[in-house]
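Enquirer: The structure that follows is given in the form of structure tokens.
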Amino acid sequence: MSTPLRVALVTGAGSGIGRACALALHAEGWHVALAGRRAEALQQTIDAAPSGRERLLAVPSDVGDPASVKALFAAVAQRFGRLDLLFNNAGMGAPAVPIEALSFEQWQAVVSVNLTGPFLCTQEAFRMMKAQSPQGGRIVNNGSISAYAPRPLSAPYTSTKHAITGLTRSTALDGRPYRIACGQLDIGNAATEMTERMTRGVLQAHGETKVEPRMDVKHVADALVHMASLPLEANVLFMTVMATDMPFVGRG
């Protein structure tokens, strides 16, 4: 008996958490569409797969642009014919400066990628998942530890990640009639290029700078694979995976 086709779409798949999760899903037999701004970075993710690269599709995309998102999902539909998992992972931050020093453009850029992007992708995923047979699928949002507690000087990033929690809950509720499950993966200090600065010290709430522990990004990928492997009758609504000794519990 042939294995049913399982199709995933990972945004921000050109580096870090997105790359690790895309490759982990691929290793489990998934067909994976890779979305990201830089074609060369997406190709590097494909090149990192030891075999089965025909199950990977790179689609350079801007998740904050409605036309680009529509084209992304059209490419997934054309290549694979369905979508079983969307991992809304693409994200960015703003400079760590006082809130009054942030420009509107800096604020808007973070909102576009971190909040508008997941909304647009969720909207297109709903359209595909409701129409396909068998109906349904799963959406996982990268919420981050900042969906619960801010770091100093992080208003744009923290605001969008708090908003992602609302999007997760609304999506989980609205998806019920169509067998669309939605959960949130909140990640703390995974070892990627983005968190390299933590090895040199990060500003803490009490004003001091402190080196923070990090964990292997593989643990994040394993968590996503677990969430994705569940039948649609079961859902991990929220999961936190973090470096054990990071200053999250008690932050502030």
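Taken together, the values in this text are just the output of simple stated rules run on the coordinates, not laboratory data. Just so you know, these numbers come straight off a predicted model, no measurement behind them. Neighbour counts are summed over all protein chains in view; Cβ atoms, including those assigned to glycine, are modelled from backbone coordinates with ideal geometry.
Enquirer: From a point 7 Å beyond the Cα of residue 37 in the direction of its Cβ, which residues of the range 194-217 have a backbone N at a distance under 15 Å?
Expert: Those under the cut-off are 194.
Enquirer: Dimensions of the chain along principal axes (Cα, Å, largest first)?
Expert: Here the Cα extents, ordered largest to smallest, are 59, 35, 35 Å.
Enquirer: Related question: Fewest first, what order do 53, 200, 82, 179 take by the number of other Cβ atoms within 10 Å?
Expert: 200, 53, 179, 82
Enquirer: Could you give the dipole magnitude of the chain about its Cα centre, charging the beta-carbon of Lys and Arg +1 and that of Asp and Glu -1, in debye to the nearest 20?
Expert: Result for the chain is approximately 460 debye, rounded to the nearest 20.
Enquirer: What is the distance in Å between the Cα centroid of the range 148-195 and that of the range 118-136?
Expert: Between the Cα centre of the range 148-195 and that of the range 118-136, the gap is 19 Å.
Enquirer: Sorting check: for 201-208, 180-187, which peptide has the highest mean count of neighbouring beta carbons within 10 Å, and how do the rest follow?
Expert: The packing order, highest mean first, is 180-187, 201-208.
Enquirer: Across the range 58-64, in residue order, what do the Karplus-derived ³J(HN,Hα) couplings come to in whole Hz, using 6.51 cos²θ - 1.76 cosθ + 1.60 with θ = phi - 60° and x for Gly and Pro?
Expert: Ordered by residue, 3J(HN,Hα) equals 9, 10, x, 8, 10, 5, x Hz.
Enquirer: Mean Kyte-Doolittle of at least -0.5 plus a Cα span of 27 Å or more along the axis: flag which DSSP H helices in the chain meet both, please.
Expert: Helix filter hits for the chain: 155-174.
Enquirer: Evaluate the relative contact order of the range 34-99 (contact order divided by residue number), counting alpha-carbon pairs under 8 angstrom at least 6 apart; express in whole percent.
Expert: Contact order relative to length: 27 percent.
Enquirer: Can you sort 129, 92 from fewest to most other Cβ atoms within 10 Å of each residue's own Cβ?
Expert: Fewest-to-most Cβ neighbours within 10 Å comes out as 92, 129.
Enquirer: Additional query: Would you order 248, 87 from fewest to most other beta-carbon atoms within 10 Å of each residue's own beta-carbon?
Expert: Fewest-to-most ranking of 248, 87: 248, 87.
Enquirer: Rounded to a whole number of µm²/s, how large is the Stokes-Einstein D of the range 144-231 at 10 °C and 1.306 mPa s, given Rh as the Kirkwood radius over C-alpha pairs?
Expert: 106 µm²/s
Enquirer: With r defined as the distance between the Cβ atoms of residue 170 and residue 106 and R0 fixed at 25 Å, what FRET efficiency is calculated, to the nearest 0.05?
Expert: That gives a FRET efficiency of 0.40.
Enquirer: Still on this structure, I have one more. List the relative contact order of the chain as a percent without decimals, with contacts defined as Cα pairs under 8 Å and 6+ residues apart.
Expert: 17 percent
Enquirer: Additional query: Using a cut-off of 27 Å between alpha-carbon atoms, which lysines can reach residue 210, once sequence neighbours fewer than 8 places away in the same chain are excluded?
Expert: Leaving aside lysines fewer than 8 places away in the same chain, those within reach of residue 210 are 161, 218.
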